[in-house]
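The values are calculated or read from the model by the stated rules, or taken from the named source; none is laboratory data. Since this is a predicted model, take the numbers as computed values, not measurements. Because the Cβ atoms are built from the backbone with ideal geometry, glycine has one as well, and the counts that use them run over all protein chains shown.
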Amino acid sequence: MDIKTKKKAGQSGDDGNKILRTKKIWLNVSPEEYQKISEYFEASSHKTFAHFCREKLLEKPGKVQQKNKVISEVVQSMFYQNKIGTNINQIAKRVNTLKKDYPELISELQNELEELRRLKLSLITGINKD
């Protein structure tokens, strides 16, 4: 790949980039999409459409990253729910095997159920924030 450096700033002025931009990207959009993009550009403070596009595509985190984050949080939540479910099953087995009413086992079971409720609430809160 041949990298060329700029000799001087272009029409839009110095943007801090010293490398000459030689690659082009073509994009086809519908009239509605074009209208939306034009409105976003006009509402922005960018001097050129190219600068606007570069910032939106390169510097801002996209929805793909946000979706990956949500998926990661859901997978982690499922892992913890599975661990809590295993703990609940072990407690239930001990209670059924011993055939006695043990307050500490019931308390332990209530703690696990409360942890499950907290996990569920934090997951719902996290998804609603995004």
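The table below lists the values:
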read-out	value
Residues being closer than 24 Å to Thr125 by Cα and in contact (Cβ under 8 Å) with a residue 12 or more places away in the chain - total across segment 86-115	3
Check on Phe79, at pLDDT 85 or above, surrounded by 14 or more Cβ atoms within 10 Å (Cβ to Cβ) and not in a loop (DSSP other than H, G, I, E, B)	no
Exclusive hit being out of contact with any His (no Cβ under 7 Å at 6 or more places or on another chain), on the phi < 0 side of the Ramachandran plot, at pLDDT below 85 and assigned to a helix (DSSP H, G or I), set Lys7, Lys67, Lys47	Lys67
